[in-house]
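Asker: Just passing along the structure, written as structure tokens.
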Amino acid sequence: MDYFEFLDQERALIIKEPRCPQPWINYLSNGRMHAFVSQAGGGFAWWKSATVYRLTRYRQHLAPMDGPGFYIYLREEDGTVWSPSWRPAETELDKWKAIHRPGISSFEATYNGLHAQLDLWVAPDHDALLWELKLSNPSNRSRKLDAFAYVELSQMQWTDEFNWGYYIKYMLRTDYDEATRSVRYLFHHQSHPNISEVPLVYFAGSEVDTWCGSREDFLGSYGSESCPKAISKGNLNNRGISCGEPAAALHRQLCLETGQSHSLRFALGVEPGALLEPERCKQAIDGLLPTLLSKEGFDEQRERCEKWWTTHLEKLSCSLPEPELQRMIETWSPVNTVTTARFSRSVNATAPGIRGIGFRDTCQDMIAIAYRRPDWALDKLRSLLTEQHADGRANHTSYPIEKSPSNESLHSDNHLWLPMLAHAIAVETGDPGFLEETASFYTNKESATIWEHLMRALRFTESHLGSHNIPLTLRSDWNDIIGKFSKAGRGESLFASFQYVYVLRQMLALAQWSGRNDDADTIREWLHKQTTALDACAWDGGWWRRGFDDNGAPVGSRSSPFGKIFLNPQSWAVLARVGSREQQEAGMAAAAEHLLTDAGLKILSPGFKTWPEESNPFSGYGPGTGENGAIFCHANTWTIMAEALLGHADTAWEYFRRLVPENVIHRFGVNTYGADPHAWLSNIVGPENTRFGWGNVVHITGTAAWMDIVATQYLLGIRSELTGLRIDPQIPTHWTGFTVRRQVRGHWIHLKAKRSGHQRLQLNGHIMDPSQSIPWQRLAAENEIVAEM
């Protein structure tokens, strides 16, 4: 079955079949008000945090899946009910498609000659999810129908609702404001962590005849979303509730003559301060809705939404011989990085949003944002610094909106991602001034400059080295379950060591660039110490080891019964420039020999046995799943980067090509892979498992940021450095070349990469040394660069 196609000129994913293997979602957001919507109209909305400000409900793990959502019901004169999004009515339609674009989702359907289009987006200027229903009647007869818009409302705090909803459903009410045609919803549970911010929720329509504020009244006893009892009557009961199960439904009766069209507009939004400033809150909504719900108001907000995304995406474009690669690089990777920058690893169709903001996750996400919006990345860096302790370590997760205590779990890597983010901001702005800014540490008892924060991160690692002078694993490194080998606290992580060397090299460059010569000398000493330690213990003869357990035995070695070889040490040895060229090449070759599958490289091999074969297993993950032998896409990104740095253009592009979701779907089939065709995912179940090819944890994954970085900076080869612009395109042997247009530091770069058989670099007609970066002062506003390979 042909489920989907891409329209690249419109930056659109067209979904042709609503019954996808799982929800294929699109995120709609202005940075405060958020929602996701699936191809079948399922999804939910939240404000700021899906944990404490969840506005509508959604079944993350329950059947029937992918509901509730943002639902439109159209009731014909004969009683037939259908939906533009197919669900919830599930009536078979004459024509149907769903369209996901950056920031906007649409549904187009035709039933018995009547055409309906539903568009959803979040207003950039207001915290409201906007719905526009456009109806047109091209048939030769008039059509009378009733239109209903419906959402099921939530009790705000997801965990409280899950645990205590049967009590706190008495702490809410819904009513209706006639003047603004809006259902108002107030949840007044007094234990909310941010009681001064608790919002008044509204669901308003441009034209309303009847309304309902109760799920029980709308669905009816034992009723379902597919056939609510209230709709069968053709109108709603005009009643709210002062306790119970909240919902908001609006109804409008319509008659469309032949050739006539009509639009209905709806807004689901919030105004904070409902409990402490109820009158001000109400007045704000009263003043907003007449303008917002007007045609002009909707058109303006849609235009502004589209403009935001155009501005963000136009900063890099390319022309490649393979369209499936080009569309991921130009459109869907940067869209995905905005998602991870906003939601970390928190919310998708299977993740409820309670995970908080991962420290290392967010550092990595913002590295990808830095080359498009360095101001956003810098703001996030400032926030992250407040989660670092004075001794240099960093919290694992934080909950800034929820006001919950941060998770202080001690990992060997969290703090090491901070300098990488700072370096990315520095190379993209060229301004060292931010390093002098002051930021507090987690306890708020001490402050220091950003530079000192970064130095303390290095000192923490330097003061937590094991018997091999390799960083202690502590709770874990990037791989959460590697801590199994360090229960006694003596295990060492070679991955953390490679990462430490990589960071030391970046910090040395920053110190020299910003004139911090004393710190440069100290960093140089630490760098020599760590590379010496790696030279002494990291090489296993054919590949790089993963680490050492509490007893000093190597992990990721030919002597290991399971997990003989891990992917990450092979790639990070190249990134960190550790060992000889021969060792780096051998490690990457070993990874290809032992880890490569039809869908990318496994994270380790062979997978560790688990229960019941092993009573004290490495992991609860079965072999071939998660971090125990899955194709861990996040880890594959660093392998692509390493192959590009080694100049292996064919291999680097092939590894990238294998993980492009569209290609994986074509290889395994849409029902095996299951996941969205337009977003990166965390991992694919590996061949040691019977579900080989199944995609997991889509959208909210570090794969997104690193695929964006790898593709734009290492495969296309336009990479900012502190002293200049590096041009190093990787051109596969079966391509004649490609072109790239990218904005960097206010300069537009027009790169033409050509395969010619000899190496040459031209900047605006002048020959340059291809092995050197182009000094920033040599760049003009518009630059034509020709790189021949």
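The values are calculated or read from the model by the stated rules, or taken from the named source; none is laboratory data. Predicted, not measured: the structure shown is a model, and the values here were computed from it. Counting neighbours? That spans all protein chains shown, and the Cβs are built from the backbone with ideal geometry, glycine included. Just the protein is used for accessible areas: all its heavy atoms, side chains included, with ligands, DNA and RNA removed. Shrake-Rupley method; radii C 1.70, N 1.55, O 1.52, S 1.80 Å.
Asker: When you scan the stretch 583-605, how many residues do you find that are in contact with a helix residue (DSSP H, G or I) (Cβ under 6 Å, 6 or more places away or on another chain), open to solvent by 10 Å² or more (accessible area, probe 1.4 Å) and assigned to a helix (DSSP H, G or I)?
Answerer: The number of residues fulfilling the criteria is 1.
A quick yes/no check of all residues on (1) in contact with a Pro (Cβ under 7 Å, 6 or more places away or on another chain); (2) at negative phi; (3) among the aliphatic types (A, V, I, L, M):
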| residue | (1), (2), (3) |
| --- | --- |
| Ser224 | no, yes, no |
| Lys229 | no, yes, no |
| Asn237 | no, yes, no |
| Gly244 | no, no, no |
| Ala248 | no, yes, yes |
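Let's see how each residue does on (1) of a type in the set (Gly, Ala, Ser); (2) within 15 Å of Val151 (Cα to Cα):
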residue	(1), (2)
Val208	no, no
Trp211	no, yes
Leu219	no, yes
Ile231	no, yes
Asn235	no, no
Ser242	yes, no
Pro246	no, yes
Ala249	yes, yes
Leu254	no, no
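Asker: Give me a count of the residues in the stretch 261-316 that are in contact with a Cys (Cβ under 8 Å, 6 or more places away or on another chain) and not in a strand (DSSP E or B).
Answerer: 2
Asker: Restrict the check to the stretch 149-159 and report whether at least one residue is assigned to a helix (DSSP H, G or I) and modelled with pLDDT under 95.
Answerer: Looking for residues that are assigned to a helix (DSSP H, G or I) and modelled with pLDDT under 95, one finds at least one in the stretch 149-159, hence yes.
Asker: Go through the residues of the stretch 378-392 one by one and say whether even a single one is open to solvent by 10 Å² or more (accessible area, probe 1.4 Å), touching an Asp or Glu at 6+ places or on another chain (Cβ under 7 Å), part of a loop (DSSP other than H, G, I, E, B) and not β-branched (Val, Ile, Thr).
Answerer: Within the stretch 378-392, one or more residues are open to solvent by 10 Å² or more (accessible area, probe 1.4 Å), touching an Asp or Glu at 6+ places or on another chain (Cβ under 7 Å), part of a loop (DSSP other than H, G, I, E, B) and not β-branched (Val, Ile, Thr).
Asker: Can you tell me which of Arg11, Arg54 is open to solvent by less than 10 Å² (accessible area, probe 1.4 Å), of a type outside the set (A, V, I, L, M, F, W, C), more than 30 Å from Arg141 (Cβ to Cβ) and in contact with a helix residue (DSSP H, G or I) (Cβ under 9 Å, 6 or more places away or on another chain)?
Answerer: Arg54
Asker: Report, ordered by the first and then the second residue, all pairs with beta carbons closer than 7 Å, sequence separation of six or more or different chains, a first member in the stretch 636-657 that is charged (D, E, K, R), and a second member that is open to solvent by less than 10 Å² (accessible area, probe 1.4 Å) and assigned to a helix (DSSP H, G or I).
Answerer: Glu643/Met588; Glu643/Ala652; Arg657/Leu325
Asker: So, one more: The conditions are (1) open to solvent by 50 Å² or more (accessible area, probe 1.4 Å); (2) in contact (Cβ under 8 Å) with a residue 40 or more places away in the chain; (3) closer than 26 Å to Ser49 by Cα; (4) touching a Pro at 6+ places or on another chain (Cβ under 8 Å), and Arg372 fails exactly one of them. Which is it?
Answerer: The single condition Arg372 does not satisfy is (1).
Asker: Taking the stretch 606-649 on its own, how many of its residues are over 17 Å from Ser560 (Cβ atoms) and either among the aliphatic types (A, V, I, L, M) or out of contact with any helix residue (DSSP H, G or I) (no Cβ under 9 Å at 6 or more places or on another chain) (or both)?
Answerer: Total satisfying the criteria: 17.
Asker: Within the stretch 95-114, identify whether any single residue is open to solvent by 30 Å² or more (accessible area, probe 1.4 Å), of a type in the set (Ser, Thr, Tyr) and touching a residue at least 24 places away in the same chain (Cβ under 8 Å), and answer yes or no.
Answerer: yes
Asker: Pick out the one residue from Val664, Val710 that is part of a helix (DSSP H, G or I), modelled with pLDDT of 95 or more and touching a Gly at 6+ places or on another chain (Cβ under 8 Å).
Answerer: Val664
Asker: Would you please list the contacts, defined by Cβ atoms under 6 Å and residues six or more apart or on different chains, that run from a residue in the stretch 439-464 that is without any contact (Cβ under 8 Å) to a residue 12 or more places away in the chain to a residue that is in a helix (DSSP H, G or I)?
Answerer: none
Asker: Hey, another quick one. Run Glu207 past the list (1) closer than 17 Å to Leu288 by Cα; (2) outside any strand (DSSP E or B); (3) under 32 Å from the mean Cα position of the chain (by Cα) and report the number of the one that doesn't hold.
Answerer: (3)
Asker: Quick one: in the stretch 310-341, which of the residues that are out of contact with any helix residue (DSSP H, G or I) (no Cβ under 8 Å at 6 or more places or on another chain) and closer than 16 Å to Ile104 by Cβ is least open to solvent (accessible area, probe 1.4 Å)?
Answerer: Checked the stretch 310-341; the qualifying residue least open to solvent (accessible area, probe 1.4 Å) is Trp332.
Asker: Select from the stretch 679-729 the residues that are open to solvent by less than 10 Å² (accessible area, probe 1.4 Å), free of Cβ contacts under 8 Å to residues at least 40 places away in the same chain and within 30 Å of Asp769 (Cβ to Cβ) and list them in ascending order.
Answerer: Ile718
Asker: Ok, one more. When you go through Ser467, Ser486 one by one, which is the residue that is more than 12 Å from Arg546 (Cα to Cα) and surrounded by 24 or more Cβ atoms within 10 Å (Cβ to Cβ)?
Answerer: Ser486
Asker: Do you know which residues across the stretch 2-56 are in a loop (DSSP other than H, G, I, E, B) and at positive phi?
Answerer: Passing the criteria: Arg11, Gly31, Gly41, Lys48.
Asker: Which residue is least open to solvent (accessible area, probe 1.4 Å), if the candidates are limited to the stretch 186-223 and must be among the polar types (S, T, N, Q) and touching a residue at least 40 places away in the same chain (Cβ under 8 Å)?
Answerer: Taking the candidates together, the pick is Ser214.
Asker: Within the stretch 232-258, take every residue that is modelled with pLDDT under 95 and not polar (S, T, N, Q) and give me the one that is most open to solvent (accessible area, probe 1.4 Å).
Answerer: Lys233
Asker: Go through the stretch 322-373 and report how many residues are charged (D, E, K, R), assigned to a loop (DSSP other than H, G, I, E, B) and under 26 Å from Leu416 (Cα atoms).
Answerer: Number satisfying all stated conditions: 4.
Asker: Do you know which residues across the stretch 757-789 are surrounded by 15 or more Cβ atoms within 10 Å (Cβ to Cβ), part of a strand (DSSP E or B) and in contact with a helix residue (DSSP H, G or I) (Cβ under 9 Å, 6 or more places away or on another chain)?
Answerer: Leu763, Met768
Asker: May I ask you to list the residues in the stretch 121-153 that are out of contact with any His (no Cβ under 9 Å at 6 or more places or on another chain), farther than 18 Å from Ser182 by Cβ and open to solvent by less than 10 Å² (accessible area, probe 1.4 Å)?
Answerer: Trp121, Arg143, Leu145
Asker: Separate question: Given the options Ala89, Ala109, Ala63, name the one that is part of a strand (DSSP E or B) and either of a type outside the set (Val, Ile, Thr) or over 26 Å from the mean Cα position of the chain (by Cα) (or both).
Answerer: Sole residue among the options that is part of a strand (DSSP E or B) and either of a type outside the set (Val, Ile, Thr) or over 26 Å from the mean Cα position of the chain (by Cα) (or both): Ala109.
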